[in-house]
Amino acid sequence: MPRAPSCHRSRSPLGTGTRRWLFRPPRRHGEVDTSRSVSFLELFYDLVYVVLVGQAAHTFAEDFSWRGTATFAVVFGLIWIAWLNGTLFYELHGREDGHTRSLIFVQMLLLSLMAVYVGHADGDDGRTLAALYALLLALLSYQWYSVYRQDEPELRRTPRRYLTVMVAGIVLIAASAPLSADGRLVLWAVFVVAWCSVECVILIFWRRAPSYDVVTEPMVERFGLFIIIVLGEVVIGVVNGLTDTERSTLVTTTGLLGLAIGFGFWWNYADLVSRRLPRESGHSLATWIFTHLPMAMAVAAAGAGMVGLVDHATDHRTPVALSWLMGGSVAVMLITTVVLLPTLADYDRFPAVYKSVQAVLVTAAVGALLAGWSRPAPWLLALILLLLLSATWVFAFVRWLRQGSLINEIPAD
């Protein structure tokens, strides 16, 4: 008869399993899990960004000046860079274990603290925000370094460059903390532009001769979920506007038209971009990733503009700054869609369809800018922008029907 296991042997697997669950290193470069799905932890992580974006948009809704716009754009860029780092790390290297979960929860704690200070980032709160953001970058850099340490020597060149940029970013953000509000904003803007530009170049060179694929359906889904996050700001903007304004038929109608603009954003992104894999080539993948920044920023800015749109619903003409904000946001959303389409893997299968859709999107973007320039009444501005968004989708819908592949080629959402 086999001997009964000793107490030592019965405890050993438990101890080994616990250590493995808590201290197992992340996946190395090349160990991409193409069969996984988006986890509940990732969805929970994204919820923190709902608060961050909401705080930034709420402050922007109170100040549509050039300074308010610049502050929102820079702060949104900081938020998006943090989200991109956390998202791509989990996608490429994360595991379903205690080590990964613990690090993500620490990130969420820092992000939650940042949300307290994001709303007044252009004041004294910006100092604390800079310190917290530098700490967050340090944590993210540690995670990337933990992958670099166990990578094969031939795969370390790109991670080393990435880490160098991250460390430079930490120094830059930390150096901004003691500066004046204007100095901090300028340094943050330099960080956002420089980080995105340099990392874009690094990504292009990395994927010039790829040794393994990195594009997966969960990654595409996460980017789509972030667009959903900022679309939520459109709903919040309308609700806040109607809540804080004396309601009438005209005010309510303006709010509903504004909300329908959000629907137009969703229809165009969902059927033209969402759930479509980008190409693996460097230029296409880099363009696909970093074009999502201005697109998401434009949608969030439109959400902030909804408050003003409802607040001025009874005006004969939309205020200048608000009119340009709404028209510009719709135009940017349409133009970024134009830029994204050629990066998709299936673009070459239907070039005639895609090119005709791109032409209509550019025309609609020009129309949105003209609408912002002409400054009609808020309800009319919202209606014009809604009609432009609807026209682009209807045109794409008809073109796909004529292609005879609408059901198979446009993913159901």
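The values are calculated or read from the model by the stated rules, or taken from the named source; none is laboratory data. Note that the structure is predicted; figures quoted are calculated from it, not measured. Cβ atoms come from the backbone with ideal geometry, glycine included; neighbour counts cover every protein chain shown.
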| remark: Of the listed residues (M297, M306), the one being farther than 16 Å from A270 by Cα and either modelled with pLDDT under 95 or small (G, A, S) (or both) is M306
| Within the stretch 73-80, can one find any residue that is loosely packed, with under 15 Cβ neighbours inside 10 Å and either outside the structural domain of F40 (by TED's automatic domain parsing) or of a type outside the set (S, T, N, Q) (or both)? | no
| Does the stretch 134-145 include one or more residues that are more than 23 Å from the chain's Cα centre (by Cα), surrounded by fewer than 16 Cβ atoms within 10 Å (Cβ to Cβ), assigned to a helix (DSSP H, G or I) and in the same structural domain as L41 (by TED's automatic domain parsing)? | yes
| Odd one out for I202 among (1) touching a residue at least 60 places away in the same chain (Cβ under 8 Å); (2) touching a helix residue (DSSP H, G or I) at 6+ places or on another chain (Cβ under 6 Å); (3) closer than 29 Å to S284 by Cα; (4) crowded, with 18+ Cβ neighbours inside 10 Å | (1)
| note | Selection over the stretch 230-245 where residues are without any contact (Cβ under 8 Å) to a residue 24 or more places away in the chain and not hydrophobic (A, V, I, L, M, F, W, C) yields a count of 1
| query | Would you pick out the residues in the stretch 239-278 that are modelled with pLDDT of 90 or more, among the aliphatic types (A, V, I, L, M) and part of a helix (DSSP H, G or I)? | reply | L250, V251, L256, L257, L259, A260, I261, A270, L272
| message | Which pairs turn up if I take residues in the stretch 372-391 that are farther than 16 Å from Y269 by Cβ and look for partners that are of a type in the set (F, W, Y) and modelled with pLDDT of 95 or more with beta carbon separation below 6 Å, at least 6 apart in sequence or on another chain? | response | G372/W324
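To keep it simple, each residue is scored yes or no on (1) surrounded by 15 or more Cβ atoms within 10 Å (Cβ to Cβ); (2) aliphatic (A, V, I, L, M).
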{"site": "F223", "(1), (2)": "yes, no"}
{"site": "I227", "(1), (2)": "yes, yes"}
{"site": "E233", "(1), (2)": "yes, no"}
{"site": "G237", "(1), (2)": "yes, no"}
{"site": "D244", "(1), (2)": "no, no"}
{"site": "T249", "(1), (2)": "no, no"}
{"site": "A260", "(1), (2)": "yes, yes"}
{"site": "F263", "(1), (2)": "yes, no"}
{"site": "W267", "(1), (2)": "yes, no"}
| note | Screening L277, L257, L272, L225 for residues that are closer than 21 Å to Q55 by Cβ and not assigned by TED's automatic domain parsing to the domain that holds E42 leaves only L225
| Out of R95, R28, which single residue is in a loop (DSSP other than H, G, I, E, B) and outside the structural domain of Q150 (by TED's automatic domain parsing)? | R28
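For every residue, the table says whether it meets (1) under 20 Å from the mean Cα position of the chain (by Cα); (2) not polar (S, T, N, Q).
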{"site": "F89", "(1), (2)": "yes, yes"}
{"site": "G94", "(1), (2)": "yes, yes"}
{"site": "L103", "(1), (2)": "no, yes"}
{"site": "M114", "(1), (2)": "yes, yes"}
{"site": "Q150", "(1), (2)": "no, no"}
{"site": "R161", "(1), (2)": "no, yes"}
{"site": "A174", "(1), (2)": "no, yes"}
{"site": "A177", "(1), (2)": "no, yes"}
{"site": "A181", "(1), (2)": "no, yes"}
| For the stretch 62-71, does any single residue satisfy the condition of being within 15 Å of the chain's Cα centre (by Cα) and in a helix (DSSP H, G or I)? | no
